[in-house]
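Notes follow the structure.
Read-outs throughout are calculated quantities, based only on the coordinates presented, and are distinct from any laboratory measurement. Worth saying up front: this structure is predicted, and the values here are computed from it rather than measured. Counting neighbours? That spans all protein chains shown, and the Cβs are built from the backbone with ideal geometry, glycine included.
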C-alpha cells in the first residue's frame with residue numbers, strides 16, 4: 001500500500017527509536033517514488049498521478065525529513081554522546097559520519113528539488129537535466145542505504161541498551177514538540193483517531 005504523508009506509523013512518541021525507524025521507511029518510499037517516476041518518464045510529460053507523486057515526495061523531503069534529522073542530531077545523538085560505557089563506543093564512532101551524511105543529503109536534495117520543480121513547472125525536463133537528476137538520485141540512494149543500515153542496526157539498538165527510560169521519554173517529547181503535538185503513548189493517539197504524530 002502506498003505511504004501517504006499523515007498516515008499512521010507503527011510506533012508513537014513513547015517509542016522514539018521505533019518511530020525513527022518508521023521515518024526511515026518513509027524516506028525510502030519517497031526516494032523510490034522520485035527514482036521510479038524519473039525512470040519511467042525520462043523528462044517527458046507527467047500524467048496527473050505521477051505529478052501528484054512527485055509533489056508528495058518534494059513535500060516530504062522539504063518538511064518531514066529535516067525534522068527527522070533534527071530528532072537525531074538534537075535529541076538522540078547528544079544523549080548517546082553523554083552516555084557512559086563501552087557499549088556505546090561503536091555507535092559514538094558512527095555519529096560524526098552520520099551527521100556528515102545529513103549535510104551531504106541536504107546538498108543533493110537541494111539540487112534534486114530544483115530540477116523536479118523545474119520539471120513540474122515546465123511540463124518536461126531537458127535531457128541534460130534528466131541526467132543530472134538521475135545522478136543525484138543515485139547518489140541519494142547509495143547514501144541512504146548505508147546511512148539507514150548503520151542507524152537501524154547499530155545506533156538505535158545501542159541507544160536502546162544504554163539510554164535510560166527517562167532519556168528515551170525526553171527524546172520522544174522533543175520529537176513531539178518539533179511537530180507541534182502533545183506527547184502521548186501511541187495507543188492514546190489511536191484511541192483518539194489522530195493522524196500519525198511522527199511522520200518523518
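For the stretch 16-180, the Kirkwood estimate of hydrodynamic radius, built from reciprocal distances between every pair of different alpha carbons, is 17.0 Å.
Sorting 63, 33 on the 10 Å Cβ count, fewest up front, what's the list? Mind dumping the intermediate values first?
Values: 63 12, 33 19.
If I rank by nearby Cβ atoms, fewest first, I get 63, 33.
Here the spin labels are modelled as points 7 Å beyond Cα on the Cα-Cβ line, and at residue 10 and residue 145 they lie 2.1 nm apart.
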